1. Determine, yes or no, whether residue 453 is surrounded by 15 or more Cβ atoms within 10 Å (Cβ to Cβ), of a type in the set (Val, Ile, Thr) and out of contact with any Cys (no Cβ under 7 Å at 6 or more places or on another chain).
2. I'd like to know if the range 291-314 contains one or more residues that are over 24 Å from residue 262 (Cα atoms) and polar (S, T, N, Q).
3. Could you list, in sequence order, all residues of the range 537-567 that are without any contact (Cβ under 8 Å) to a residue 60 or more places away in the chain, open to solvent by 50 Å² or more (accessible area, probe 1.4 Å) and not hydrophobic (A, V, I, L, M, F, W, C)?
4. Go through (1) at pLDDT 70 or above; (2) under 51 Å from the mean Cα position of the chain (by Cα); (3) open to solvent by less than 40 Å² (accessible area, probe 1.4 Å) one by one and return the number of the condition residue 95 breaks.
5. Mind listing just one residue for me: the one in the range 503-526 that is surrounded by fewer than 16 Cβ atoms within 10 Å (Cβ to Cβ) and of a type in the set (D, E, K, R) and, of those, nearest to the chain's Cα centre (by Cα)?
6. List every residue pair whose Cβ atoms sit under 6 Å apart, with the two residues 6 or more apart in sequence or on different chains, where the first one lies in the range 568-585 and is under 12 Å from residue 596 (Cβ atoms) and the second, anywhere, is open to solvent by less than 20 Å² (accessible area, probe 1.4 Å) and assigned to a loop (DSSP other than H, G, I, E, B).
7. Provide a single number: the residues in the range 309-323 that are open to solvent by 10 Å² or more (accessible area, probe 1.4 Å) and at pLDDT 95 or above.
8. Cβ-Cβ under 7 Å, sequence separation 6+ or interchain: first residue in the range 424-444 and more than 12 Å from residue 294 (Cα to Cα), partner open to solvent by 50 Å² or more (accessible area, probe 1.4 Å) and not in a helix (DSSP H, G or I). Which pairs?
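The values are calculated or read from the model by the stated rules, or taken from the named source; none is laboratory data. Predicted model, so just to flag it, every value in this text is computed and none were measured. Cβ placement follows ideal geometry from the backbone for every residue including glycine, while neighbour counts extend to all protein chains displayed. The protein model used for the area step is the full one, side chains on, heavy atoms only, and it has no ligands, DNA or RNA in it. Shrake-Rupley method; radii C 1.70, N 1.55, O 1.52, S 1.80 Å.
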Amino acid sequence: MAKLRPPQSSKAKTFKPKPPAGLPDRETLLAFLRDAGETGKADIARHFGLKGADRRALREMIRELEAQGALAKRGRKGFAEAGSLPPVGVADVVERDGDGELYVKLTKSDDDVPNVRLAPGKGEAAAGAPGLGDRLLVRFERLETGEFEAKLIKKLGQSAHKILGVIRKHRREVRVEPVDRKSKESLVLDPSVAHEFKEGDLVVAQVGTHGGRYGPKPGKVLEVVGTENDPRAASLIAIHSHGIPTGFSEEAEREAKAAVEPTLSGREDLRDLPFVTIDPVDARDHDDAVYAHPDPDATNVGGWVVWVAIADVAAYVRPGSALDRDAREKGNSVYFPDRVEPMLPETLSNGLCSLREGENRATLAVRMVFDKSGRKKGHKFVRGLMRSAAKLSYEQAQAAIDGQPPPEGQDGDKAGPLLDPILKPLWAAYNTMKIGREARSPLAIESDERRIIIREGEIASITKRASLEAHKLIEEMMVQANVCAAESLEAKRSPLIYRVHDTPSLEKVQNLADFLQTLEIRWSKGEAPQTSRFNKLLEETRESPNAAIINEVVLRTQMPHYSADNIGHFGLNLAKYAHFTSPIRRYADLIVHRGLIRALGLGTDGLTDQDIAQIKDTAEVITHAERRAMAAERDATDRYIAAFLADRVGATFAGRITGVTRFGLFIKLADTGADGLVPVSSLGAEFFIHDDKMHALVGERTGKRWPLGLGVEVKLVEATPVTGGLLFEMLSEPLAPDPKAPRPRLGARRQAAVKPRGGLPKGVRRGKRR
């Protein structure tokens, strides 16, 4: 690495006393530039009092020093000693090494200034983690080793814009085509380097600053991240498109590997309690375990004691550690069909923190007591040592309770011996808790989530996730444990991060009422939103053809998030709620654990003053991380489904209209849950008006309608796995005109009814709405 000169002080332009007039020698000139930093020829001449022939001689001296490599240009007219750095500068992130470290280069520098390591963590809480191609404002500082590092001050937007794309080789040029359906940035690579890349390479490319006004812009490949034919390409694209942080710093990995098995020191021995974990069949990180027994208290006849034991992640991830910094940046684990990007290194997430069967594990557990009406009478938190009696899948536990044979390929009859001593008491306790849940009346929205099964790198099947009573049992026990955490921290007046869910806005309720009116379902627009009213609607329409779309529209009115201020949780109909039960995969839960440890005096590794000082920022950071993860998971699913359907182009499918826009209809297929577009240009010869109040496309001449929720049959015309886009052709007929619907105003009709030529409107790519 070339030797770097130290950054000039912020007083670099406060020059030393004026030297004797006359042309300086080489060393005097270099010494001046070392102090002054970037300086133009006129400033140099003025400093040394040069005129006439001396100025010409100075220009010749500068040319010679530049040719010798002692000077380098800075900006348009400035010069500085070769290898020097300013105290603060604008730099681009140009490199990521094998350890994940980022390196930056001054934007206005020549090759004499090497790349400088970007110090991790500094400034990222406010600016967000930088990535390849980002343009940053940084401060350069010299380390004790003599090398330099850059510290992030702020990100400077998209000045160094980058895209994720696929290499496409044409006869005369090589392009980077974006994988984002909404992007129009197609880049052309310099022919001198284009041969280095292969057709189908997935690359991160930077948009060039030069090029004509029309046509593709020039681009530069920053990194090859994979190939489009890789079976895992869908998740790779999602990770890079959404900026999901990957991997861990060397320091965090060292801290994880240094973790040791837990002991009883400072803990209560809970190993005689037969806890079990009940999780998805392919789960490897087991956050929670449960156990229940009848309450022996004679004053609580018919009541139950329910234990929920949660992995004690706070014992391993200490405040201010590298593990903590990485976990906060990630915010949560991100789950794809073919991989997991964990919040913690696998040494912890699948090892010492995971509540493995038959192994001693540190736990923060809560003992809850319920009466026969399902009302919680009290609770107590315990920091203990536990040992899971068994690892069960939801299907195993449910089959045992239902008296059915064990699921095929799942460890034989593992749940059978546990039926009487463990599973039946758990279900009896849940049936009691369910009485309280029904009285509370949380939103009863049914998930339409699909499960993608991948075997040997290929998609084997796409099925709807089953909704078992075992799922609801674990969910209710976790909800109650989360309530206990919020109540205990509030009682101790401890700061915490709440999981909140505001009451749906008047606008959202108005939109719901307008939509229901199109189905001739009554909803009073002045009615205050209540979970019981939403549940009444869902129950009344559960068996109707519109059940799925009504469920979807109600779901769109909900938006939970994290906050340091409590506004309650509308969806669960709870006044106090915080996430406590998944600290292996959610940073919010780790903060709540630390709060309980400090507030209840359960150790010295609890919430710190620094945690408290930045708790509002942390709530915002992890809310953003959660939404980023959801978007990445959704996009990966879209791409996997598109790949699954790619060889079925031309086939017909049953579906339902789930979105209506002026440029087309969005269709969700019944069997796979795939989403795609029917362009308005393919619906027939007449203009179609987007009636946003009636949520329908309406024929301008005939009045025939394509309303939201209509069941249809479509033909798959195009499937593009790299973007996740599906394009359909409508096979069904529209509904007859609605005699009650008012005719749209002419101006609005004409404005909305411009039929696109040759496909979609400008700026709209084929595929799913975002």
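1. Considered against the rule, which asks whether it is surrounded by 15 or more Cβ atoms within 10 Å (Cβ to Cβ), of a type in the set (Val, Ile, Thr) and out of contact with any Cys (no Cβ under 7 Å at 6 or more places or on another chain), residue 453 comes out as no.
2. yes
3. 540, 542, 543, 556
4. In the conditions (1) at pLDDT 70 or above; (2) under 51 Å from the mean Cα position of the chain (by Cα); (3) open to solvent by less than 40 Å² (accessible area, probe 1.4 Å), residue 95 misses (3) alone.
5. Of everything passing the filter in the range 503-526, 507 is nearest to the chain's Cα centre (by Cα).
6. Between residues of the range 568-585 that are under 12 Å from residue 596 (Cβ atoms) and residues that are open to solvent by less than 20 Å² (accessible area, probe 1.4 Å) and assigned to a loop (DSSP other than H, G, I, E, B), the close pairs are 578/496.
7. 5
8. 435/373; 436/373; 436/375; 440/573; 441/573; 442/573
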